[in-house]
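Everything on this sheet refers to the single structure shown next.
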Amino acid sequence: MAMSSAKFKVVKFNGEGNFGLWQTRVKDLLAQQGILKVLRSTKPTLMEEDDWEQLQQRATGTIQLCLADEIMYHVMDLTSP
């Protein structure tokens, strides 16, 4: 079975509107990318530290890409989701 290469667009969060709905869509996007597990508070015991850091970077980047500039400005120095 071939994997889907569908693209999803999440409206950028600008501090207005329904945060819960936006949050759910971002979580769905992270799940589609196979990186939702990084929202756990701790690294899985069997995962290498470098792999965990890479997943955190990917998730952080994905979340930041879903933020409007005025919100991104406040979180752009964060390195973990």
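The values are calculated or read from the model by the stated rules, or taken from the named source; none is laboratory data. Since this is a predicted model, take the numbers as computed values, not measurements. We place every Cβ from the backbone using ideal geometry, glycine too, and count neighbours over all the protein chains shown.
I'd like the full set of residues that are in contact (Cβ under 8 Å) with a residue 12 or more places away in the chain and either in contact with a strand residue (DSSP E or B) (Cβ under 6 Å, 6 or more places away or on another chain) or not hydrophobic (A, V, I, L, M, F, W, C) (or both), limited to the range 29-58.
The answer is GLN32, GLN33, LYS37, GLN56, GLN57, ARG58.
Looking at ARG25 and the list (1) in contact (Cβ under 8 Å) with a residue 12 or more places away in the chain; (2) touching a helix residue (DSSP H, G or I) at 6+ places or on another chain (Cβ under 8 Å); (3) not polar (S, T, N, Q), which single condition is not satisfied?
Looking at each condition in turn, ARG25 falls short on (2).
Name every residue in the range 1-25 that is farther than 21 Å from TYR73 by Cβ and modelled with pLDDT under 90, in order of residue number.
Matches in the range 1-25: MET1, ALA2, MET3, SER4, SER5, ALA6, LYS7, PHE8, LYS9.
I want to confirm something. Restricting to the range 26-79 and keeping residues that are surrounded by fewer than 10 Cβ atoms within 10 Å (Cβ to Cβ) and among the polar types (S, T, N, Q), which single residue is modelled with the lowest pLDDT?
Out of the qualifying residues, it is SER41.
Filter the range 49-66 down to the residues that are hydrophobic (A, V, I, L, M, F, W, C) and in contact with a helix residue (DSSP H, G or I) (Cβ under 7 Å, 6 or more places away or on another chain) and list them by number.
Once the filter is applied, which keeps residues that are hydrophobic (A, V, I, L, M, F, W, C) and in contact with a helix residue (DSSP H, G or I) (Cβ under 7 Å, 6 or more places away or on another chain), the range 49-66 yields LEU55, ALA59, ILE63, CYS66.
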